[in-house]
Every structure is written in C-alpha cells, then in structure tokens.
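The values are calculated or read from the model by the stated rules, or taken from the named source; none is laboratory data. These figures come from a predicted structure and were not determined experimentally. No Cβ is skipped: glycine too gets one built from the backbone with ideal geometry, and neighbour counts run over all protein chains shown.
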Ligand SMILES: Cc1cc2nc3c(=O)[nH]c(=O)nc-3n(C[C@H](O)[C@H](O)[C@H](O)COP(=O)(O)OP(=O)(O)OC[C@H]3O[C@@H](n4cnc5c(N)ncnc54)[C@H](O)[C@@H]3O)c2cc1C
C-alpha cells in the first residue's frame, strides 16, 4: 500500500510476523490510526517454514484468531520427550497424549498463518 511521508499515525507497528498483526489489529479496533510495516515480501517470510501453535494460544488468544478459522495444517495430539546425552537417547517419554478431537496444539506454516494475521489487521480499515 502506498503511504505518503507527510501522513501522521497514532501507532506504527514494525513487522508483520506473529506479534505485529495482532498489535496492529488491536490498535485499529481501538480507533487509532495505525500503520503496519513489513520489510519482507510476504508476512511470515522471516520465520522458518512451520511452527507449532500451543493450544493456549487458541484458548486464551484473541477472539478473532479463535473464531476466525486460521490456516492450520493439523492438530497435534501427542508429544515425545527425549533426554539425549552425547548423541545417545537415554530416556523417551510418550505419555503426553490426548484423544482426538482434543489437541495440545496445532501445526501451521508460517507464511500463510502470518499473511492471514496481517489480512485480519488490514481488514479493520482506516480510522
Ligand atoms: C526455527 C524457529 C522455530 C520456531 N518454532 C516455534 C514454534 O514451533 N512455536 C512457537 O510458538 N514459536 C516458535 N518459534 C518462535 C516464534 O517464531 C517467535 O516467538 C515469533 O516469531 C516472535 O514473533 P514476533 O512478532 O515478535 O517476531 P517475528 O515473527 O520474528 O516478526 C518480526 C517481523 O518484523 C519484520 N521486521 C524486522 N525489522 C523490520 C524493519 N526494520 N522494517 C520492517 N519490518 C521489519 C520481520 O521481517 C518479521 O516479519 C520459532 C522460532 C524459530 C526461529
């Protein structure tokens, strides 16, 4: 989006990674004239490939994420913990599991997830 340099803003959010779009949306919803800047071509390009979003990110995160159907790949129903010393696996614990449809978190790709977040900030529109 073209922005003229003599325009003034209440808030400038630098970066459209995981945190920036949430901050920008919150500010825009509060009626603040908000500018979000991202140096990469695509939001989420800086962070590498995919990530795990812990379940509390959804349970206690912003309503627009919980109810907004963000682009996730799959639920994560189990975690394997390993104690490794000098390259040797000393101990493996697979007890942390929950039955479907419960989930411990969700796997997502960073670019589509952050682009979706940035779109949610932009959709609030100008103040
Ligand atoms: C390899 C790896 C794996 C990870 N795995 C997980 C995981 O599985 N689960 C999890 O919860 N977390 C994970 N993390 C951590 C998670 O990625 C970070 O906690 C999260 O990205 C931090 O969000 P942020 O908004 O603070 O910063 P970032 O997501 O890094 O966003 C910062 C943004 O600012 C932009 N920017 C920087 N400088 C400028 C500038 N001057 N002008 C304009 N734009 C700028 C960058 O391009 C970037 O888009 C992982 C991190 C890494 C590196």
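Results, tabulated for the structure shown:
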read-out	value
Single residue of segment 49-65 satisfying the filter (outside any loop (DSSP other than H, G, I, E, B), more than 8 Å from the ligand (Cβ to nearest atom) and in contact with a helix residue (DSSP H, G or I) (Cβ under 9 Å, 6 or more places away or on another chain)) that is modelled with the highest pLDDT	64
Selected residue (criterion: nearest to the ligand (Cβ to nearest atom)) from residues of segment 1-30 that are closer than 13 Å to residue 118 by Cα and assigned to a strand (DSSP E or B)	14
From 22, 42, 48, residue being surrounded by fewer than 10 Cβ atoms within 10 Å (Cβ to Cβ) and touching a residue at least 40 places away in the same chain (Cβ under 8 Å)	48
Lone unmet requirement of (1) surrounded by 14 or more Cβ atoms within 10 Å (Cβ to Cβ); (2) touching a helix residue (DSSP H, G or I) at 6+ places or on another chain (Cβ under 8 Å) for residue 14	(1)
Pairs with Cβ under 6 Å, 6+ apart, first in segment 100-127 and under 15 Å from residue 72 (Cα atoms), second modelled with pLDDT of 90 or more and assigned to a helix (DSSP H, G or I)	117/21
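Rundown of residues vs (1) touching a helix residue (DSSP H, G or I) at 6+ places or on another chain (Cβ under 8 Å); (2) outside any helix (DSSP H, G or I); (3) within 11 Å of the ligand (Cβ to nearest atom), yes/no style:
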{"residue": "32", "(1), (2), (3)": "no, yes, no"}
{"residue": "43", "(1), (2), (3)": "yes, yes, yes"}
{"residue": "90", "(1), (2), (3)": "no, yes, no"}
{"residue": "99", "(1), (2), (3)": "no, yes, no"}
{"residue": "112", "(1), (2), (3)": "no, no, no"}
{"residue": "117", "(1), (2), (3)": "yes, no, yes"}
